[in-house]
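Right, one structure below, let's go through it.
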Amino acid sequence: MAERDNRRGNRRDREETPEFADRLVAINRVSKTVKGGKRFGFAALVVVGDQKGRVGFGKGKAKEVPEAIRKATEQAKRQMIRVPLKEGRTLHHDMYGRHGAGKVVMRTAPEGTGIIAGGPMRAVFEMLGIKDVVSKSVGTQNPYNMIRATIDGLKKEQSPRAVAQRRGKKVADILPKRDEAPAEAEA
């Protein structure tokens, strides 16, 4: 019997291994006015990712900050999405995402560019493992809507391999042809 409990405990320990990095994006203190005064609570927004192409976000509300962060982290781990990355460092193509008034534009970038993004979007890209990206948020500064718009755009990301497979072609047929010597160099 003790052996069985020990095995269960080990399984829990394996689940709790820190394979995911998390980033606290926003904490909001909210108050509820009651007869005796005010009751304060906290809302937390957390982004979680494995920095290898998986990312998720979560919201948590509680009377204490650590509990709100824990709830948000648990929710973020449950709703993770996988995003294909080009060379493990950038996006395959430019894309546009939106949620409510939040609109974001994300563009692929050459190596060495870094992450050019605002606060909440930067957290998503860092947790996703993107090294080079140029992005712009238009229409809102609300971190909840910015993150939702960013995730919406990332869901639209498609790798050339997936597109080729869906269309029944080869990856070489999908990607644009690059000439070895440019025509301008000859003249």
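Coordinate-derived values only; no laboratory data. These figures come from a predicted structure and were not determined experimentally. Because the Cβ atoms are built from the backbone with ideal geometry, glycine has one as well, and the counts that use them run over all protein chains shown.
Stokes-Einstein D for region 83-174 at 37 °C, 0.692 mPa s, Kirkwood Rh over Cα pairs, in µm²/s? Don't skip to the answer; put the middle values down first.
Details: Rh = 13.5 Å.
The calculation lands on 244 µm²/s.
Were the residues from LYS177 through ALA62 laid out at 0.36 nm apart, the gain over their Cα-Cα distance would be 36.0 nm. The reciprocal of the average 1/r between distinct C-alpha atoms defines the Kirkwood hydrodynamic radius, which for region 118-160 equals 10.9 Å. Which residue, LEU24, LEU128, LEU45, tops the fluctuation ranking in a GNM of the chain built on C-alpha contacts under 10 Å? The residue that fluctuates most here is LEU24. The magnitude of the dipole of the chain, with charges of +1 and -1 set on the Cβ of Lys/Arg and Asp/Glu and taken from the Cα centre, is near 1260 debye.
If one puts a single equal scatterer on every Cα of the chain and applies the Debye formula without solvent, what log₁₀ I(q)/I(0) results at q = 0.15 Å⁻¹? Here log10 of I(q) over I(0) equals -0.95.
Comparing mean-square fluctuations of THR73, THR90, THR33 from a GNM of the chain with C-alpha springs under 10 Å, the top value falls on THR33. Can you tell me the 0 to 90 degree angle between the C-alpha axis of helix 143-155 and the longest principal axis of the chain, rounded to 10? That helix lies at roughly 40 degrees to the long axis.
Relative contact order for the chain using alpha-carbon pairs under 8 Å, separation at least 6, rounded to a whole percent? Relative contact order of the chain: 17 percent.
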